[in-house]
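The values are calculated or read from the model by the stated rules, or taken from the named source; none is laboratory data. Being a predicted model, the structure only gives us computed values, none of them experimental. Here the Cβ positions follow ideal geometry from the backbone for every residue, glycine too, while neighbour counts run over all protein chains shown. We work out accessible area using only protein heavy atoms, side chains counted, and drop any ligands, DNA or RNA first. Shrake-Rupley method; radii C 1.70, N 1.55, O 1.52, S 1.80 Å.
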Amino acid sequence: MTDSVEVISAAAYTEDDSVGGELLLEGTDGSGAVRRTVLPGGIRVVTEAMPLVRSVSLGVWVGVGSRDESPELAGASHFLEHLLFKGTPRRSALDISAAIEAVGGDINAFTTKEYTCYYARVLDADLPLAADVLTDVVGAALLRAQDVESERGVILEEIAMTEDDPGDLVHEEFSLALWGDTPLGRPIAGSAESVRALTREQIAEHYRGHYTGPNLVVAAAGNLRHEHVVELVWAGFERVARDAHSHLTLEPGRSPLVSRAELDAAAGPAPLTLAPAVRLLGKKTEQAHLVLGTPGVTRLDDRRWALGVLAAVLGGGMSSRLFQEVREKRGLAYSVYSFATQFTDSGAFGVYAGCQPKKLREVLSLCREEIGKAAADGISEGELALGIGQLRGGTVLGLEDTGSRMSRLGKSELVYGQHLSVDYVLERMGSVTMDEVRQVAAELLATAPATAVVGPYENVEDFA
C-alpha cells in the first residue's frame, strides 16, 4: 500500500459558508466526487455525484437503533420507523407514498441495531419532491394515538411473520446465544410483550430525544449537484422547524454528533463481555436451521479486512470450503454460508446452514471441523487470492447503483466516522497477507462458539 491514503475523518467538520461544501473525496473525471456541508442545527449533508445516471437516491440517516433502547423501550426505534409514514401536518399516509410512486420512485425505511434510515429513489428531475417528502416525514411526524394503535397491530404481525420463518428466527436466536439479554442480543423489532407495552408518550419521547439535527445525516448519490441538494434539504427542514409544534431546532453553532465508532475509539472501551451459549428453539419444521459462530471484530478494527477474506474462503461462494464439503461432496444442504458482522464495540463471525433435520448433526460436525481447520492452519495461497478477488469484485459490483452509493455515504458519515475511497478499500483488501488471515483465524475461531438451532428437536445438549 502507498503512504497516501484517502481516509477522511467525519470529525473534521467545517461549517463552510460556501454552498459547494467541503470536498471529501475527488472523483475521476468529475464522477464520484464526495462533498459534505454542515447545516445550522448540526444536520450533515453528504453527496456523491454520478453524472452518467438519470436517478438519485436520497436517504435521511438517524443515529439511533435498537441497541439504544432500555428493556422497557425494546422495539421503539422500529416502531418509530413505521409511525413516521402515518402522516404529517402536510401529508396523510396515502399522500406520502402516492407522491413518490406517482413519479415512478420508491420510498421505504429500515431499522438496524445502530441506526435508522428513511430513503427514496427517484428520477433526477424529481429530487426536489423526494427531499420535500423525506424531510417532512422525518421532521414532522404526528405520532397520533390512533396511528400508534393501528401500527402496533402491524408490528405484531411482522414479529409473528419472523417467528414463522425459521431461517430468520435462527439468526435472532444466534444473537441471543452470543450476546445474551443485552441490546445487541435482543431483536430489533422488540418482542410481542414489549411492543404491546409501549405507550405513545414513550415513543414520542424517543422521537424527540433522538431525531435532532446533530443526530441526522442526509446522504444522496446520483445525477446531482451538491449545492442543490443542500438547498433542498435546508428548505425542507427549515419549513418543518418553523412549525410551533416541531421539536426540531436549527440553531446555528450546534455541532454534529461524533460517530459511534469514533466515540468508542476515543474512549477506549472495554470489549463487550460475551458469554457464548447454545440455544435450541424446538419447532416442527421441514428443514432444520443452524447458526454457529464466535465473537468477531469491531467496525474500525484493522483485522476486519483479513476477516472478510477468511469469511469468503470459508463460506463466501460456490468454491468456498463449506459449500464444497457440505453441499457439493455430500449433498447435505442447499444453503450454507459464512458471514461477518461488525458493531462499534463488538462483532460476530458465523456460519449458517439449512438441511433436513436428520442431517443436522453431521452438518454441524462438518462446520465445526472446517472452522477448526481454519483456526489451526489458516488458509492456502490459492485461497487467499480467491478470497481477495471475491471481496474486491463484490465491492465494486455492489456499488453500481445509486442506492448502494447512498448507503455507503450515510454509514460512513454516521457510523464509521470516516470516508474511504473505493481505490483505498480495494488496495487494502489486496494487501491482506497470509499471516493476517492466520492470526485473525487463530484469535477468533479458537474461542468457544455460540450455537443456535431451530428445528424439531427437544434436547439442547445434543448440540453443545
- prompt: When you scan the range 57-85, how many residues do you find that are assigned to a strand (DSSP E or B) and either among the polar types (S, T, N, Q) or open to solvent by 10 Å² or more (accessible area, probe 1.4 Å) (or both)?
  reply: 1
Given (1) assigned to a helix (DSSP H, G or I); (2) in contact (Cβ under 8 Å) with a residue 24 or more places away in the chain; (3) surrounded by 15 or more Cβ atoms within 10 Å (Cβ to Cβ), index of the condition residue 154 fails: (3)
task: List every residue pair whose Cβ atoms lie under 8 Å apart, where the two residues are 6 or more positions apart in sequence or sit on different chains, the first residue falls within the range 38-49 and is in contact (Cβ under 8 Å) with a residue 40 or more places away in the chain and outside any strand (DSSP E or B), and the second residue, located anywhere, is surrounded by fewer than 22 Cβ atoms within 10 Å (Cβ to Cβ) and among the basic types (Lys, Arg).
output: 40/254; 41/254; 42/254
statement: Reported set for the range 416-436 where residues are part of a helix (DSSP H, G or I), under 19 Å from residue 341 (Cα atoms) and either open to solvent by 40 Å² or more (accessible area, probe 1.4 Å) or touching a Gly at 6+ places or on another chain (Cβ under 8 Å) (or both) is 416, 429, 436
- line: Considering residues that are surrounded by fewer than 19 Cβ atoms within 10 Å (Cβ to Cβ), within 21 Å of the chain's Cα centre (by Cα) and closer than 29 Å to residue 374 by Cα, the number found within the range 386-415 is 7
Among (1) of a type outside the set (A, V, I, L, M, F, W, C); (2) within 30 Å of residue 90 (Cβ to Cβ); (3) surrounded by fewer than 19 Cβ atoms within 10 Å (Cβ to Cβ), the one test that residue 193 misses: (2)
query: Looking only at the range 86-110, which residues are touching a strand residue (DSSP E or B) at 6+ places or on another chain (Cβ under 8 Å) and either over 17 Å from residue 142 (Cβ atoms) or in a loop (DSSP other than H, G, I, E, B) (or both)?
result: 100, 101, 103, 104, 105, 106, 107, 108, 110
- line: Considering only strands (runs of 3 or more DSSP E) wholly within the range 197-309, the ones with at least 3 residues that are buried (at least 16 other Cβ atoms within 10 Å of the Cβ) and more than 19 Å from the chain's Cα centre (by Cα) are 278-282, 288-295
message: Given (1) among the hydroxyl-bearing types (Ser, Thr, Tyr); (2) under 19 Å from the mean Cα position of the chain (by Cα); (3) open to solvent by 20 Å² or more (accessible area, probe 1.4 Å), identify the lone condition not met by residue 344.
response: (3)
query: What residue, among those in the range 88-126 that are over 17 Å from the mean Cα position of the chain (by Cα) and of a type in the set (Asp, Glu), is nearest to residue 245 (Cα to Cα)?
result: 95
